[in-house]
1. Rounded to the nearest percent, how much of the accessible area of the chain (1.4 Å probe, protein heavy atoms only) is carbon and sulfur?
2. Please give the residues of region 1-27, grouped as numeric ranges, whose backbone N is less than 19 Å from a label point set 7 Å along the Cα-to-Cβ vector of Phe58.
3. Test of understanding: express the Cα radius of gyration of the chain as a ratio to 2.2 N^0.38 Å, with N the residue count.
4. Which Cα, out of Leu44, Leu74, Leu32, lies furthest along the positive dipole direction of the chain (beta carbon charges, K/R +1, D/E -1)?
5. Averaged per residue, what accessible area in Å² does the chain show with a 1.4 Å probe, protein chains only?
6. Tell me which chymotrypsin sites (Phe, Trp or Tyr not before Pro) from region 2-44 have a DSSP coil assignment and no more than 15 other beta carbons within 10 Å of their own.
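The values are calculated or read from the model by the stated rules, or taken from the named source; none is laboratory data. Just so we're clear, the structure is a prediction, and the values are computed from it rather than from any experiment. Ideal geometry is used to build each Cβ from the backbone, glycine not excepted, and the neighbour counts take in all protein chains shown. Only protein heavy atoms, including side chains, enter the accessible area calculation; ligands, DNA and RNA are left aside. Shrake-Rupley method; radii C 1.70, N 1.55, O 1.52, S 1.80 Å.
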Amino acid sequence: MLIFILKKLIILFLPSIFWIILTALGFGAQSLANLIELFVLLVLSLICVFIPENIIEFKYLLALLLIIAFVSRLLMPIIPE
């Protein structure tokens, strides 16, 4: 049961933390308006928490969310504030 809860917390928070680390390293467009990406990523992670593990495995779901975080930092244009 503890492993199940830990997996759900990792799916919920790790992609957002990865996005914050990429932003801190200066990767992608730097603007406060780009916090929209973080909000969307957090909502997407929250939705993915409710996907049962028999549909998609934990490691694939986590990899998909991390790729989405990376691509959103890579391709998002500078949004004027």
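1. Carbon and sulfur: 83 percent of the exposed surface of the chain.
2. Residues 1-18 qualify, since their backbone N sits under 19 Å from the label point.
3. Output field value: 1.15.
4. Farthest towards the positive pole: Leu44.
5. For the chain, the per-residue accessible area is 68 Å².
6. Phe27
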